[in-house]
Protein chains: 2
Amino acid sequence: MRRAPVHASADAAEEAFYDAMRRGDTDALMALWADDEEVACTHPNGARLVGLVAIRASFEQIFSGGGVAVQAVDRRVHEGGLLSVHHLIEQLAVTGRGGAELVECVATNVFVKTVAGWRMVLHHASPLGERAAPAQAGSAPTVLH
Amino acid sequence: MRRAPVHASADAAEEAFYDAMRRGDTDALMALWADDEEVACTHPNGARLVGLVAIRASFEQIFSGGGVAVQAVDRRVHEGGLLSVHHLIEQLAVTGRGGAELVECVATNVFVKTVAGWRMVLHHASPLGERAAPAQAGSAPTVLH
């Protein structure tokens, strides 16, 4: 197993995360995670994976067909010293029945500052429903909660 | 507007969040959020709401039919001094066409330590797909990413 890179910021770790996704590189992607039993990952299909073994297996399966054409846009960041929380939109180019199409997901990525640089502890992605305008109450969706 | 309570821990703030959901109390729920333009909320329908105005409107709509019978279980917590990240399963009792049923969601809740106690900065909930066993690689789902 190759040596994990040391990222000096959560932004750099996140950039490396999406770069590894684009290349379909499981080893590079898993090297970004913290060595912590409580790391958690939820993919857009809704499965909740806890621990590095389950997370690695899920990415191996995702990358079995190659990398994922993904761009992270519209980020909101909350910095808290040892933790950094990023909330963003993932734009994915996927090939569907009708050819290439753009799919958007909402993602929360959480990074922790360790002696080995910034590492990921949580990735939570889910399909984007609608883009609600912040100031328009009428645009609020009908939801369970 | 009533005075916002000061929560001495992120756990207490989260307990108050789900308590407000069960009571369908928008004011109590909104009093838990940080006064921050970047607060973000994603409900299980996938809309991404940024800012207190949009978040309030969404909860007002959710609570228009009353409170939500919700329990938070199986929590994983990452503490970072000023931020606290909680990843958990929400069990919701909803009334569907076939009567009462249990719906499960995955949720990420993030709290920040402020001079007014712990406040919420992010709530990201999405439908739970499957419960994957941590050690079974074969249970990994087929997903976009």
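The values are calculated or read from the model by the stated rules, or taken from the named source; none is laboratory data. Worth saying up front: this structure is predicted, and the values here are computed from it rather than measured. Backbone-built Cβ (ideal geometry, glycine too); neighbour counts: all protein chains shown.
Filtered by the rule that a residue be closer than 19 Å to B:Asn45 by Cβ and surrounded by 21 or more Cβ atoms within 10 Å (Cβ to Cβ), region B:103-119 gives B:Cys105, B:Val106, B:Ala107, B:Thr108, B:Asn109. Taking B:Ala72, is it assigned to a strand (DSSP E or B) and more than 30 Å from B:Glu37 (Cβ to Cβ)? So B:Ala72 does not fit the description; no. Taking the conditions (1) part of a strand (DSSP E or B); (2) out of contact with any Lys or Arg (no Cβ under 9 Å at 6 or more places or on another chain) in turn, A:Ala57 satisfies each one other than (1). Scanning region B:4-39 for residues being hydrophobic (A, V, I, L, M, F, W, C) and not in a helix (DSSP H, G or I) gives a total of 8. Every test in (1) more than 7 Å from chain A (Cβ to nearest Cβ); (2) surrounded by fewer than 22 Cβ atoms within 10 Å (Cβ to Cβ); (3) in contact (Cβ under 8 Å) with a residue 40 or more places away in the chain; (4) touching an Asp or Glu at 6+ places or on another chain (Cβ under 9 Å) is passed by B:Gly46 save one, and that test is (1). Scanning region A:68-102 for residues being surrounded by 11 or more Cβ atoms within 10 Å (Cβ to Cβ), small (Gly, Ala, Ser) and within 11 Å of chain B (Cβ to nearest Cβ) gives a total of 5.
Residue-wise test of (1) closer than 17 Å to A:His7 by Cα; (2) β-branched (Val, Ile, Thr).
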{"position": "A:His43", "(1), (2)": "no, no"}
{"position": "A:Leu52", "(1), (2)": "no, no"}
{"position": "A:Val68", "(1), (2)": "no, yes"}
{"position": "A:Leu82", "(1), (2)": "yes, no"}
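Is it fair to say A:Arg56 is among the basic types (Lys, Arg), surrounded by fewer than 23 Cβ atoms within 10 Å (Cβ to Cβ) and at pLDDT 95 or above?
On the way: among the basic types (Lys, Arg): yes; surrounded by fewer than 23 Cβ atoms within 10 Å (Cβ to Cβ): yes; at pLDDT 95 or above: yes.
Answer is yes for this residue.
Would you mind stating whether A:Ala100 is farther than 24 Å from B:Val68 by Cβ, outside any strand (DSSP E or B) and modelled with pLDDT under 95?
Answer is no for this residue.
In region A:42-54, how many are over 18 Å from B:Arg75 (Cβ atoms) and assigned to a strand (DSSP E or B)? Looking only at that region, the number is 0.
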